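The values are calculated or read from the model by the stated rules, or taken from the named source; none is laboratory data. As the structure is a prediction and not an experimental result, all values here were calculated from the model. Please note: Cβ atoms are built from the backbone with ideal geometry, for glycine as well, and neighbour counts cover all protein chains shown.
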Amino acid sequence: MASGGVLYQTQGKQIPNYPQFMYKGSISYRIGKLSAHVDGSYLSNRQLTYTNDLHVPGYFLANFGTRYDFGSVGPLKGLSASFNIYNLANKTYIATTNEAGNNFINNGFNYFLMGASRQFFGTISANF
């Protein structure tokens, strides 16, 4: 690849912003009306330049959730309550990098968006 009359060697280099490895998994269990699940995702490091001279580290995130199905309660059908935790270990990580474009080399013009910290979500749902 060439830019500004300079030839940059990119053969065999990792594509910027994309992890070389990405794994996701989930396990769930149900006992009667109560269910729970744990999800995990792993992203390996991501290069920020076409010459691979700058990267952000990989990360692993775990999430947890539980749900209870109450069934029919009065006029409500399918009443359920759930509680979920995103980023269970409150891991600090870089979620987004250089979405507007990448540099050939590390020239200091890179940007990062931090990932969400631990978050809690609760839901109550029903049908009429």
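Structure values in brief
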item: Residue count, the range 11-70 (criterion: assigned to a loop (DSSP other than H, G, I, E, B), exposed (fewer than 15 other Cβ atoms within 10 Å of the Cβ) and of a type in the set (A, V, I, L, M)); result: 1
item: Any hit, the range 109-123, residues being modelled with pLDDT of 95 or more and among the β-branched types (Val, Ile, Thr); result: yes
item: Selection within the range 1-59 - touching a Lys or Arg at 6+ places or on another chain (Cβ under 9 Å), hydroxyl-bearing (Ser, Thr, Tyr) and either closer than 19 Å to Ala89 by Cα or modelled with pLDDT of 95 or more (or both); result: Ser35, Ser41, Tyr42, Tyr59
item: Unmet requirement for Ser82, which otherwise passes all of (1) surrounded by 14 or more Cβ atoms within 10 Å (Cβ to Cβ); (2) of a type outside the set (Phe, Trp, Tyr); (3) part of a loop (DSSP other than H, G, I, E, B); result: (3)
